[in-house]
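Visitor: One structure, pasted below without further comment.
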Amino acid sequence: MRLSRFHLHTTKETPADAELVSHKLMLRAGMIRKLAAGLYTWSPLGLRVLRKVEAIVREEMDRAGAVELQLPTIQPRELWEETGRWEKFGGQLLKIKDRKEAGYCYSPTAEEAITDFARQELSSYKQLPVNFYQVQTKFRDEIRPRFGVMRAREFLMKDAYSFHVGDADLAREYENMKAAYTRIFTRLGLEFRAVQADSGAIGGDASQEFHVLADSGEDALAFSTGSDYAANVEAAQAAAPGPRPAAAEALRKVDTPTQKTCEDVAALLGIPLQRTVKSVAVMGDDGFVLALVRGDHMVNEIKLAKVAGLGDYRPATEAEIAEHLGSEPGFLGPVGPAKTIRVVADREVAAMADFVVGANEAGFHIAGVNWGRDLAEADVVADIRNVVAGEKAADGGEIRLARGIEVGHVFQLGRKYSEAMKFTVLDETGKATVPAMGCYGIGVSRIVAAAIEQNHDEAGIVWPAPMAPWTVAVCVINPKKDASVDAAAEALLAELQAAGLDAVLDDRGLRPGAMFADIELIGIPHRVVVSERGLAAGTFEYRARNASEAESLDRVQLLEKLRG
C-alpha cells in the first residue's frame, strides 16, 4: 500500500464541537466525517481500523461455534407489536412508513427479527442449541447524539442470539460467549473488565457488561480488592450490614430552621452524616412511596425501579408531598404519616438505630428514631443505593470505583421473546416447549473510539497493534529524488509484506516533520525511515510509536524487531 494512492486527509485543528479525545482525534486523523447529527462517514483510514476489529470479532464468534447470517435493517411493525416494544422502546425507535402506509422501524436491535426467523426454521430439539450472529448497522434515535461514534445514532454492532431447549444449556452458552468476548477484547489489546449489569430495555434473567477502562467512561464501575467481583453501579452491592443495634436514645424533636439537607442537619447537630436518613418521595403504581437511604448515600434509580410496584416510578410533586405528608421537601420523614404511605428502606437504613429523619414539619427534624419503637418496620427492605468507594465488599475486600466504556453485553434472555412470539419446538418426548434465548452484543464501531480513549498521547492515537490501520509505516526522506532511495524503500516494503507484516509506504513527498506528525497522529505502531544517509551507513532509522527515541538498525536487526 502506498499513501500516495490512498486517501489520507489529516488536520491540525481541533473541531469546536468535539468533547472527547476520541472524537477530536478521529476527526483530526480523518477517520470519520460528520454527515448529520449522530451520523458519520467512515473514511478509508477509519474503515481499515473498523474492519480489523470486525475481523477479530468474526474469528472468535466462529471459533465459539456461532453461525453468521444477515437480518434486514428495516423491520415490520407487527413483529415489534407482538413483544409490546413498538411503544415501550420509546423515542429511540425510528419509525417509518412505506408507500402503502405500512409501519416499519429501523432496527436498533434484532430480538424480534431473529425470533421470527427461528420460529420459521426451527421445529425440533435436534436443531438446538444454535447461535446465530450478524455484524450489522443499527440505528437508535438518541435525543442528544454526542461524543462522535461513541454515542452516534447509527453504529456498527455485532449481535448474536442463541436458542436452547433447557436453561442449563443456555447457561453453558452464556459462559461460552463470555469466554469468546474475553478473547476478543484481549486480542484487540484493550484493558477491560467484565461486570455484573442491569438488563435494561433488552430484558432477561442475567447479564454482564464488558467495559474498556478509561477515565472518560460514562459508566461507573465497582470492583472488589478481595476477588474478581465487579459490577456496574446499577447492580453493584456492598457487604450486607450487621445486626441492628439496640435503641439507646429517646425520641426528640429538634429545631432545624434552615437545614434541609442531611449534610446541614448533621453539621448543626454535631453528628456523623451516617446517623441521618434521607427520605425520597416518589409515586409508584400503587401511590405514594417514601424511599429511605442513609444520609451519605444516594438512591440508585435502577435498583429502586426493581422494587415491586416501582417499575415506572417518578418523583413526587410538591403538591403530592404536601397532600401525603403535610410538609415541604427538605423536612420529610417516615415517622407519623398515614399507613397508606408505603415505606421502602435501604437495607443499611433498616439496620440503623437512633437515627435522624425529617419531622414532616417545616423547620424541624426528629432525632433518636428507632424501628419498632417509633415507627413500624419498613414495608420493603432492599438494596436501593449506590455503593461507595472504600466500603466493605461482600467478599471481604474493599470496594473500589473506576470509569468504563461499555463495548459488549451478554444477556440470558430466558423466554421473554419466544413466549411473546409463540415460538415452540418439540422436545425429546414430542411435547411442544418454548426455547430459552441468549443475546450477545458488541459495539464494533464503539470499540474504535473506546480504544482511542484508552490509548493516546499529545501527538495523537497510540493504537494497540491489532487495531492499527497498518502495523509499520515505511517513510521515505529523499529531497534529492535519488532513485536508489525510492528503490530501497520499495524493496523494504515488499520484504516486510512478505514477512506477513501489514506495512504501508509513505511516498507522498512531505517534509519529515509533517510526515512524522501524520504517522504519529494516525497511530501506526512502528515507523521505519529510509534515507540517503541511512543507506550509506547500511541502517534504517526505527522508532516505535510509544518510544521516546529512535534507533539505527541494520536490515537483520530491523526484521527481528518487527517480527518480534
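Visitor: Could you pull out the pairs from K52/K138; K88/K422; K88/K303; K88/K416; K253/K303 whose alpha carbons sit more than 22 Å apart here?
Guide: On the way: K52/K138 19 Å; K88/K422 19 Å; K88/K303 20 Å; K88/K416 14 Å; K253/K303 32 Å.
Too far apart for the 22 Å limit: K253/K303.
Visitor: For semi-axes √(5λ) of the Cα gyration tensor in Å, which listed value, (i) 39, 26, 25; (ii) 53, 32, 22; (iii) 39, 33, 20, comes from the coordinates shown?
Guide: Matching the structure shown: (ii).
Visitor: Suppose only helical runs count, i.e. DSSP H with n ≥ 4. What mean residue ellipticity at 222 nm does that imply for the chain under -39500 (n - 2.57) per run, divided by all residues and rounded to the nearest 500 deg cm²/dmol?
Guide: It comes out at -8000 deg cm²/dmol, rounded to the nearest 500.
Visitor: Go ahead and run the numbers for FRET between R314 and E191, Cβ-Cβ distance against an R0 of 56 Å, rounding to 0.05.
Guide: Approximately 0.90, to the nearest 0.05.
Visitor: Okay, next question. Give the separation of the Cα centroids, the range 383-415 to the range 488-551, in Å.
Guide: Centre-to-centre (Cα) distance: 45 Å.
Visitor: Shifting gears a bit: Output the 0 to 90 degree angle, nearest 10, between the alpha-carbon long axis of helix 111-121 and the longest principal axis computed from the alpha carbons of the chain.
Guide: So the helix axis and the longest Cα principal axis differ by about 80 degrees.
Visitor: A further question on this structure: Just add up the charged neighbours of V49: K/R +1, D/E -1, any other residue whose Cβ is under 13 Å from the Cβ of V49.
Guide: Its environment carries a net charge of +2.
Visitor: On full extension of the chain, what length is gained from K480 through T258, given 0.36 nm per residue of separation minus the C-alpha to C-alpha distance?
Guide: 71.9 nm
Visitor: Straight-line reach from K12: which lysines fall under 22 Å, measuring Cα to Cα and dropping same-chain residues less than 8 apart?
Guide: Leaving aside lysines fewer than 8 places away in the same chain, those within reach of K12 are K24, K34.
Visitor: Picking from Y40, A451, A394, whose Cα lies most toward the positive end of the charge dipole for the chain (charges on Cβ: Lys, Arg +1; Asp, Glu -1)?
Guide: Y40
Visitor: For a bin width of 10 Å, list the pair-distance distribution of the range 406-520 built from all Cα-Cα distances, rounded to whole %.
Guide: 11, 23, 20, 13, 11, 11, 7, 2, 0
Visitor: All other residues with a Cβ under 12 Å from the Cβ of V282 taken together, and with Lys, Arg as +1 and Asp, Glu as -1, what is their net charge?
Guide: -3
Visitor: In addition: Roughly how large, in nm² to one decimal, is the mean projection of the convex hull of the alpha-carbon atoms in the range 470-563?
Guide: Approximately 5.4 nm², given one-decimal rounding.
Visitor: Given a Förster radius of 22 Å and the C-beta distance between A459 and H7 as r, what FRET efficiency does 1/(1 + (r/R0)^6) yield to the nearest 0.05?
Guide: Plugging the Cβ-Cβ distance into 1/(1 + (r/R0)^6) gives 0.50.
Visitor: Any chance you could check the Cα centroid distance between the range 22-57 and the range 436-484 for me, in angstrom?
Guide: Cα centroid to Cα centroid, the span is 11 Å.
Visitor: Here's something else I'd like to know. Sorting check: for 225-232, 170-177, 290-297, which peptide has the highest mean count of neighbouring beta carbons within 10 Å, and how do the rest follow? Please list the in-between numbers first.
Guide: Values: 225-232: 16.1, 170-177: 19.9, 290-297: 23.1.
Highest to lowest by the protection proxy: 290-297, 170-177, 225-232.
Visitor: In degrees from 0 to 90, rounded to the nearest 10, what is the angle of the helix 512-521 Cα long axis to the longest principal axis of the chain?
Guide: Computed tilt is about 40 degrees.
Visitor: Same structure, new question: So what is the relative contact order of the chain, in percent, for Cα pairs below 8 Å that sit 6 or more residues apart?
Guide: Details: 1193 pairs, mean separation 94.4, N = 564.
Once normalised by length, the contact order is 17 percent.
Visitor: A further question on this structure: At 0.36 nm per residue, and after removing the present C-alpha to C-alpha distance, how many nm does the segment from R511 to E82 gain when stretched out fully?
Guide: Separation in residues times 0.36 nm, less the Cα-Cα distance, equals 148.2 nm.
Visitor: If you take the C-alpha gyration tensor of the range 18-108, multiply each eigenvalue by 5 and take the square root, what semi-axes do you get, largest first, in whole Å?
Guide: Working: eigenvalues 189, 97, 31 Å².
In descending order, the three semi-axes are 31, 22, 12 Å.
Visitor: Using a Förster radius of 25 Å, what is the FRET efficiency between I341 and E249 based on their Cβ-Cβ separation? Nearest 0.05, please.
Guide: Using R0 = 25 Å, I get an efficiency of 0.55.
Visitor: May I ask you to order 22-31, 482-491 by the average number of other C-beta atoms within 10 Å around their residues, highest value first? Please report the intermediate quantities before stating the final value.
Guide: Working: 22-31: 23.7, 482-491: 15.3.
So the peptides 22-31, 482-491, ranked by packing, come out 22-31, 482-491.
Visitor: If packing is taken as the mean number of other Cβ atoms within 10 Å per residue, what is the order of 265-273, 519-527, highest first?
Guide: 519-527, 265-273
Visitor: So, one more: I want to make sure I understand the PRE zone here: with the label point 7 angstrom from the Cα of A16 toward its beta carbon, which residues in the range 35-58 have backbone N atoms less than 20 Å away?
Guide: Hits in the range 35-58 for A16 at 20 Å: 35-39.
Visitor: Shifting gears a bit: Using the scaling law 2.2 N^0.38 Å as the reference, what is the normalised Cα Rg of the range 252-382?
Guide: 0.96
Visitor: Here is a follow-up. Just how large is the dipole of the range 252-382 about the Cα centre, in debye to the nearest 20, putting +1 at every Lys and Arg Cβ and -1 at every Asp and Glu Cβ?
Guide: In total the dipole reaches around 320 debye.
Visitor: Simple spin-label model, 7 Å along Cα-to-Cβ: E495 to E218 in nm?
Guide: With each label point 7 Å from Cα toward Cβ, the separation is 4.9 nm.
FYI, it's all coordinate maths here, none of it is from the lab. Because the structure is a prediction, the values reported are computed rather than measured. Every residue, glycine as well, gets a Cβ built from its backbone with ideal geometry; the counts of neighbours run over all protein chains shown.
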